[in-house]
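Report on the following structure.
Each value in this text was obtained by applying a stated rule to the coordinates, not by laboratory testing. The model shown is predicted, which means the values in this text are computed figures rather than measured ones. In this analysis, Cβ positions are derived from the backbone assuming ideal geometry, glycine residues included, and neighbour counts consider all displayed protein chains.
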Amino acid sequence: MRILVLHGPNLHALGSREPEIYGRDTLAGIETSLNALARELDCEVESRQSDHEGVLIDAIYQARGRCDGVLINPGGLTHTSVALRDAIRGAGLPTIEVHVSNPLTRESFRHRSLVSGVALGVVQGFGADSYGLALRGLIGVLRRVA
């Protein structure tokens, strides 16, 4: 199995950006941990970060036929991007939404996700561990339907 992992806007700054909210784990560290977990789960992950909505949308559609599912941390696009939501739905790949922080404990504008309604599930609030929990969940679902 191959999983596309997408990191949205500002996630390249993990570890230094608002560590009181996002922790000190870096994106490189998260990707290293995900790759190790993927080997343990007998799957592959392909990671990509972009601050640009269109790049993320293109990556989702390009994953069709190559990847079995998607983990996505849309960052701030979670609350604003109908286009990203439409791409997730349109590509038809099983998708898990991931957040390092818990948006429901933050500002009210972060309480609504446009992505959640087209995702299989959401993992949020566990810091960098959110990614590993999401990968385990997605692989479990994919194996049950295979």
> How high is the relative contact order of the stretch 2-137, given as a whole-number percent (alpha carbon pairs under 8 Å, six or more residues apart)?
Replying inline: 28 percent
>> Please report the spacing between the Cα centers of the stretch 105-146 and the stretch 1-76 in Å, no decimals.
In response: 12 Å
> Counting only residues 5 or more places away or on other chains, whose amide H sits under 5 Å from the amide H of Ser47 once H atoms are built in the peptide plane?
Replying inline: Val5
> What does the charge count near Leu14 come to, summing +1 for each Lys or Arg and -1 for each Asp or Glu among other residues with Cβ under 12 Å from its Cβ?
Replying inline: -1
>> As a test of the formula, what do you get for the chain when each DSSP H run with n ≥ 4 contributes -39,500 (n - 2.57) and the sum is divided by the residue count, at 222 nm and rounded to the nearest 500 deg cm²/dmol?
In response: -11500 deg cm²/dmol
>> Counting other C-beta atoms within 10 Å, and keeping those with at most 16, which DSSP coil trypsin sites (Lys or Arg not before Pro) do you find in the stretch 1-102?
In response: Arg17, Arg24, Arg64, Arg66
> Among Val122, Val70, Val55, which one shows the biggest mean-square fluctuation in a GNM of the chain, springs joining Cα atoms closer than 10 Å?
Replying inline: Val55
> Which label belongs to the value computed from this structure, given these candidates for Cα extents along the principal axes in Å: (i) 46, 29, 29; (ii) 39, 31, 24; (iii) 55, 27, 23?
Replying inline: (ii)
> Tell me, what is the FRET efficiency for Val82 and Asp42 to the nearest 0.05, using R0 = 41 angstrom and their Cβ-Cβ distance as r?
Replying inline: 0.70
> Karplus couplings for the stretch 104-115 from phi (6.51 cos²θ - 1.76 cosθ + 1.60, θ = phi - 60°), rounded to Hz, Gly and Pro as x?
Replying inline: 6, 9, 10, 4, 4, 5, 8, 6, 10, 10, 7, 7
> What is the order of Glu44, Glu97, fewest Cβ neighbours within 10 Å to most?
Replying inline: Glu44, Glu97
> Using the count of nearby Cβ atoms within 10 Å as a rough guide to exposure, how do Ser113, Ser108, Ser130, Ser47 rank from fewest to most?
Replying inline: Ser108, Ser47, Ser113, Ser130
>> Need the full-extension length gain, Glu20 to Leu142, defined as separation in residues times 0.36 nm minus the C-alpha distance. One decimal, nm.
In response: 40.5 nm
